[in-house]
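The values are calculated or read from the model by the stated rules, or taken from the named source; none is laboratory data. In this text, all values refer to a predicted model and were calculated from it rather than measured experimentally. All Cβ positions, glycine included, derive from the backbone under ideal geometry; neighbour counts span all protein chains shown.
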Amino acid sequence: MREKAVRCLGPHGLHTMAYTEWGDAANPRVLVCVHGLTRNGRDFDVLANALASDYRVICPDIVGRGRSDRLFFPDDYALPTYANDIVTLIARLSVESVHWLGTSMGGLIGMFLASLPGSPIARMVLNDVGPLIALDALQRIGEYLGKAPDFANLGEAEAYVRTVCAPFGKLSDAQWRY
């Protein structure tokens, strides 16, 4: 696993997008794994490690998440900014095409890019997203988005994540802690 970053151009200047890279950096088979709205690229650590012998796996922190920069203008958090960042990242990787795994917002970014002429996406797997997002799903996200409380310790933070992310399914205590 290697932690890297790339400079990207947004509507109001430059920002840095961090990403984690797994596998052989010379492998032309590249899988880009893009996380959901409130998540980060480290969500794919277990999968990336498992696929690193077959793929060069790239897991970006979309701008505003994880180790990536925050943007000054809220309206810049939009699909065109994210897509531009990903195209910059793919150019940095020096590959013509990639395979794509997108969860929720990562799926939306992938669909947006795949719809463009000359798209670098050769194959795509979507998770937790489709062409329509159900109202109840949007309402559930709205209940916690941008409202995370301060935590006195890691145990409180873990309990909060277990509550907010309960719909993700059954996870072991070690998976929740991670």
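Residues ASP69, ASP75, ASP85: which one is modelled with pLDDT of 95 or more and loosely packed, with under 15 Cβ neighbours inside 10 Å? It would help to see each step written out before you state the result.
On the way: ASP69 fails: loosely packed, with under 15 Cβ neighbours inside 10 Å; ASP85 fails: loosely packed, with under 15 Cβ neighbours inside 10 Å.
Answer to the selection: ASP75.
Among residues of the range 155-178 that are within 15 Å of TYR144 (Cβ to Cβ) and surrounded by 13 or more Cβ atoms within 10 Å (Cβ to Cβ), those with a beta-carbon under 9 Å from a residue that is at pLDDT 85 or above and among the aliphatic types (A, V, I, L, M) at least six positions away or on a different chain give the pairs ARG162/LEU171; CYS165/LEU171. Among residues of the range 8-37 that are modelled with pLDDT of 95 or more, those with a beta-carbon under 6 Å from a residue that is of a type in the set (Phe, Trp, Tyr) and part of a loop (DSSP other than H, G, I, E, B) at least six positions away or on a different chain give the pairs HIS12/PHE73; GLY23/TYR55; ARG29/TYR55; LEU31/TYR55.
For the range 117-133, how many residues are of a type outside the set (Ser, Thr, Tyr) and either in contact with a His (Cβ under 9 Å, 6 or more places away or on another chain) or within 9 Å of SER97 (Cα to Cα) (or both)?
So in the range 117-133, the residues of a type outside the set (Ser, Thr, Tyr) come out as 117-118, 120-133.
From what's left, either in contact with a His (Cβ under 9 Å, 6 or more places away or on another chain) or within 9 Å of SER97 (Cα to Cα) (or both): 120-125.
The number of residues fulfilling the criteria is 6.
Taking the stated definitions as given, is VAL63 over 19 Å from ASP128 (Cβ atoms), surrounded by fewer than 20 Cβ atoms within 10 Å (Cβ to Cβ), in contact (Cβ under 8 Å) with a residue 40 or more places away in the chain and touching an Asp or Glu at 6+ places or on another chain (Cβ under 9 Å)?
On the way: over 19 Å from ASP128 (Cβ atoms): yes; surrounded by fewer than 20 Cβ atoms within 10 Å (Cβ to Cβ): no; in contact (Cβ under 8 Å) with a residue 40 or more places away in the chain: yes; touching an Asp or Glu at 6+ places or on another chain (Cβ under 9 Å): yes.
Considered against the rule, which asks whether it is over 19 Å from ASP128 (Cβ atoms), surrounded by fewer than 20 Cβ atoms within 10 Å (Cβ to Cβ), in contact (Cβ under 8 Å) with a residue 40 or more places away in the chain and touching an Asp or Glu at 6+ places or on another chain (Cβ under 9 Å), VAL63 comes out as no.
Residues in the range 139-163 that are of a type in the set (A, V, I, L, M), closer than 24 Å to GLY64 by Cβ, more than 18 Å from the chain's Cα centre (by Cα) and in a helix (DSSP H, G or I): LEU154, ALA157. When the residues of the range 81-106 are filtered to those that are of a type outside the set (Val, Ile, Thr) and either assigned to a strand (DSSP E or B) or without any contact (Cβ under 8 Å) to a residue 24 or more places away in the chain (or both), the one that is farthest from GLY146 (Cα to Cα) is SER94. Screening LEU113 against (1) closer than 26 Å to HIS12 by Cβ; (2) touching a residue at least 60 places away in the same chain (Cβ under 8 Å); (3) of a type in the set (A, V, I, L, M, F, W, C); (4) crowded, with 17+ Cβ neighbours inside 10 Å leaves a single unmet condition, (2). Evaluating ARG39 against the criteria (1) crowded, with 21+ Cβ neighbours inside 10 Å; (2) not in a strand (DSSP E or B) leaves one unmet condition, (1).
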